[in-house]
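Remarks on the structure that follows.
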Amino acid sequence: MNDKLREKLIDIEPYVPGDQPKGEGIIKLNTNESPYPPSPRVAEALKNINPSELKLYPDFVCTELKTVLGENYGVNTNEVFLGNGSDEVLALCFKAFFNSDEPILFPDITYSFYSVWAELFKIPYKRVPLKDDFTLDVEGFLNKNGGIVIPNPNAPTGIYEPKSGIEKIIRGNKDSIVIIDEAYVDFSEEGSIAELVHKYDNLVVVQTYSKSRNLAGIRFGYAFANPELIGVLEGVKNSFNSYTINTVTKTLALESGKDRGYFEMCVENIKSTKAYLITNLKELGFTVCPSSSNFVFATKADTDCKALFEYLRSKNIYVRRFDAPKISNYLRITVGTDREIYALTEAISDFLNK
Ligand SMILES: *Cc1c(COP(=O)(O)O)cnc(C)c1O
């Protein structure tokens, strides 16, 4: 390729998702998926999809789906925006709401996609350092900015910032859009701040069915905000791709949303396995961040956690590690089944006794 041709190509460093290894005997604790299948109602609905329906473009508005989401989180149907996974919803939010010469703000240790979208859309950004204990520095988000995005609970720490702190940030930034990425909020004690969209016209709350709803494979995410912001998001989406919710996703997401009992059971199972995982890790000498999510973030001071990460992978156990300042000796471990966590614990113990 000649240089003049190469000049025309965008120069980007993309987000790198966790490995998706396939095969027998693999224990996959690296991308925060659920170890459980989706609701039986989802399986039933999948069987009943008429292939003939698929010849048509999907439902453009998905009113029933928005209504069910609204009922589950206390917002109105016109306060809901749907997308092909929350990554898409977040990307569209960046495009729609971050249009300032001032930098947008997000924590220094956080979801690594934020800086990727900022680079892609040429949005200036600044990282606000977490405190030494990895909690959010609320005051740091009260400086002049072009917008804010914060995951709550944060990733990859799993730490939840109480509603009072988040509300202080929303209140202190009346002239900026504040996006709260609630990918893991269903695992927290205090829960979602979705209902605050009635109170603040600068708040956008983003959620996903990939983690707590056991449906990463259908790609379904959504945002809650006041109708005016939702209208702008719809406008950006319709300037890019009008049909982001396919017919299969729509049908399955609807059934999952209606099955509150199964959802709550899965969340409770994960919380109880998480307690078991944390106990085991502490017994092995690890320091574990307080987790309000379906993963834990842990380190062991006198241990090379990169070597441990590689040892686990050699035993077909996949966890996640980030080559980034301050957290390079940490492992992020998704809460799997009790049996998977038992196998993980045994393998870590073998590594430490080598
Ligand atoms: C997993 C995750 C997402 C993306 O979820 P999808 O809906 O699968 O695109 C967004 N934000 C955070 C913080 C996540 O961990």
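Here the helices (runs of 4 or more DSSP H) wholly within region 216-322 that include at least 2 residues being under 30 Å from GLY83 (Cβ atoms) are 227-237, 247-258, 260-283. Taken over region 139-151, the criterion of being part of a loop (DSSP other than H, G, I, E, B) and open to solvent by 30 Å² or more (accessible area, probe 1.4 Å) is satisfied by LEU142, ASN143, LYS144. Note on region 73-92: residues that are touching a strand residue (DSSP E or B) at 6+ places or on another chain (Cβ under 9 Å) and among the polar types (S, T, N, Q) total 2. Taken together, the residues in region 116-138 that are in contact with a helix residue (DSSP H, G or I) (Cβ under 9 Å, 6 or more places away or on another chain), more than 16 Å from the ligand (Cβ to nearest atom) and in a helix (DSSP H, G or I) amount to 1. Looking at this structure, is ILE317 farther than 22 Å from PRO151 by Cβ, buried (at least 16 other Cβ atoms within 10 Å of the Cβ) and touching a residue at least 60 places away in the same chain (Cβ under 8 Å)? Yes; evaluated as a whole, the condition is true for this residue.
SER164 fulfils the conditions (1) within 21 Å of ILE327 (Cβ to Cβ); (2) polar (S, T, N, Q); (3) not in a loop (DSSP other than H, G, I, E, B) except for a single criterion, (1).
Hey, can you tell me all the residues within region 210-227 that are within 7 Å of the ligand (Cβ to nearest atom) and hydroxyl-bearing (Ser, Thr, Tyr)? Across region 210-227, the qualifying residue is only SER210. Mind telling me which of the residues GLU228, GLU167, GLU161, GLU182 ends up being of a type outside the set (Val, Ile, Thr), open to solvent by less than 40 Å² (accessible area, probe 1.4 Å), outside the structural domain of ILE327 (by TED's automatic domain parsing) and closer than 17 Å to PHE94 by Cα? Of GLU228, GLU167, GLU161, GLU182, the one residue that is of a type outside the set (Val, Ile, Thr), open to solvent by less than 40 Å² (accessible area, probe 1.4 Å), outside the structural domain of ILE327 (by TED's automatic domain parsing) and closer than 17 Å to PHE94 by Cα is GLU182. What pairs come up if the first residue lies in region 203-227 and is without any contact (Cβ under 8 Å) to a residue 24 or more places away in the chain, the second is away from the ligand (no atom under 12 Å from the Cβ), and their beta carbons are under 9 Å apart, counting only those six or more places apart or on different chains? That search, which allows pairs on different chains as well, returns GLY217/PRO38. Selection of region 50-96 for residues being touching a Gly at 6+ places or on another chain (Cβ under 6 Å), open to solvent by less than 30 Å² (accessible area, probe 1.4 Å) and more than 16 Å from the ligand (Cβ to nearest atom) yields only VAL68.
Being in a loop (DSSP other than H, G, I, E, B), in the same structural domain as ARG219 (by TED's automatic domain parsing) and closer than 24 Å to SER239 by Cβ narrows it down to one of ASP87, ASP59, so name that one.
Working: ASP87 fails: in a loop (DSSP other than H, G, I, E, B).
After applying the criteria, what remains is ASP59.
Scoring THR110 on the criteria (1) part of a loop (DSSP other than H, G, I, E, B); (2) more than 16 Å from the ligand (Cβ to nearest atom) leaves a single failure, condition (2).
Go over the candidates ALA324, ALA253 one by one and state the one that is surrounded by fewer than 15 Cβ atoms within 10 Å (Cβ to Cβ) and in contact (Cβ under 8 Å) with a residue 60 or more places away in the chain. Give the derivation first.
On the way: ALA253 fails: surrounded by fewer than 15 Cβ atoms within 10 Å (Cβ to Cβ).
That would be ALA324, the only listed residue that is surrounded by fewer than 15 Cβ atoms within 10 Å (Cβ to Cβ) and in contact (Cβ under 8 Å) with a residue 60 or more places away in the chain.
For PHE81, the test of being assigned by TED's automatic domain parsing to the domain that holds GLY235 and in a strand (DSSP E or B) is passed.
For ASN154, the criteria (1) in a loop (DSSP other than H, G, I, E, B); (2) out of contact with any strand residue (DSSP E or B) (no Cβ under 6 Å at 6 or more places or on another chain); (3) in contact (Cβ under 8 Å) with a residue 40 or more places away in the chain; (4) more than 16 Å from the ligand (Cβ to nearest atom) hold in every case but one, which is (4).
The values are calculated or read from the model by the stated rules, or taken from the named source; none is laboratory data. Keep in mind it's a predicted model, so treat the numbers as computed, not measured. Cβ atoms come from the backbone with ideal geometry, glycine included; neighbour counts cover every protein chain shown. The protein model used for the area step is the full one, side chains on, heavy atoms only, and it has no ligands, DNA or RNA in it. Shrake-Rupley method; radii C 1.70, N 1.55, O 1.52, S 1.80 Å.
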